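What follows is one structure encoded as structure tokens, with my remarks underneath.
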Amino acid sequence: MNEAHLTPIEVGLTAAIVAFEGDEPRILVAADPDSGTRAGLPFGPFDPLSHRTFEIGLREWVKAQTALNVGYVEQLYTFGDRGRHARPDDTGMHMISVGYLALTGMSGSEAALRTVGAGFEPWYRFFPWEDWRDGRPAILDETALPLLEQWAKSGKSEPNRPLSHRERLRHCFGAGGSPWDEEKVLDRYELLYEAGLVEEARRDGRETHLPRAKIQPLGEPMRFDHRRILATAIARLRAKLKYRPVVFELMSDEFTLTELQRTVEAISGRHLHKQNFRRLVETAALVEPTGETSTATGGRPAALFRFRREVLQERPAPGLRLGGRS
């Protein structure tokens, strides 16, 4: 192949940094350098001369850009679809982005973030159909599903897709009586993108058979393919709750069982029966009492607990194996 025709590639590192505050999972959103508005995830280039590994590079530029020292970090996926980061008429360097999930606490971070124009935003602002804590989200039946049904009837399909539009709609969105799977966050976003129903698809030049006047906003858009990366991060975190004690990365050192339940509910986007949840926590042996109590709720004193780290040596998959939706 003639090297003169090769498209130059740049490797970027994009971080979905999750914290928890006020019964809401929050995502760190950085300022757009052009508009100054919060429009996407923090990201920056990988410098192989300065960074021995991707993770070292990620931690260093997150610290420099946001003044945050992130704790738990794991690599998600490599995102490089043409048209997702570049504009349709872009002939410049193509960006391949390595996405990461990172967990941190909110304590002491807001003041530092304000100096760089970044801040934590509720992640359901970007994915309102994923929050089932108060029941089935109205946006599903009022907007998303009717538009997807119209798209499914159009007959157009992507090549090499083993499932039809209707089968994918049933599989991803629980249409036709199928169960809702909270882990299919990315699948649902991809279906909305393919149907041309999210702003990113229209921005990327994605065609839609639906009149644009009929298409209502489905969550807030983000820069480039950052909402796709965030969907991947939410799906990964929801799955890991069931086999890794990652939720405690978002908790204080001491907490009540009610606080723990609200955190798990907020991340998974589902309501959990109080007694069933407490039996699950007890069976999993993930926490131990501190002997102290809290009166922060203003009601009866509640026992305080802490994460029992010994569980990491006791079994290979110490998580909260949530059952069916209650």
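Every read-out reported here was derived from the displayed coordinates using simple, explicitly stated rules and does not represent laboratory data. Every value quoted in this text rests on a predicted model; they were computed, and no experiment measured them. Positions of Cβ are backbone-derived with ideal geometry, glycine not excepted, and every protein chain shown enters the neighbour counts.
Convert each backbone phi in segment 45-59 into a coupling constant with the Karplus relation 6.51 cos²θ - 1.76 cosθ + 1.60 (shift: θ = phi - 60°), then list the ³J(HN,Hα) values in order as whole Hz, x for Gly and Pro.
My calculation for segment 45-59 gives x, 8, 10, x, 7, 9, 10, 5, 9, 4, 5, 4, x, 4, 5 Hz in order.
For a quick protection proxy, order the peptides 315-322, 176-183, 10-17 by their average other-Cβ count within 10 Å, most packed first.
Result, highest mean Cβ count within 10 Å first: 10-17, 315-322, 176-183.
If amide hydrogens are placed 1.01 Å from N in the peptide plane, which non-local residues have theirs closer than 5 Å to the one on L320?
Excluding prolines and chain starts, which carry no amide H, the hits are K242, Y243, R244.
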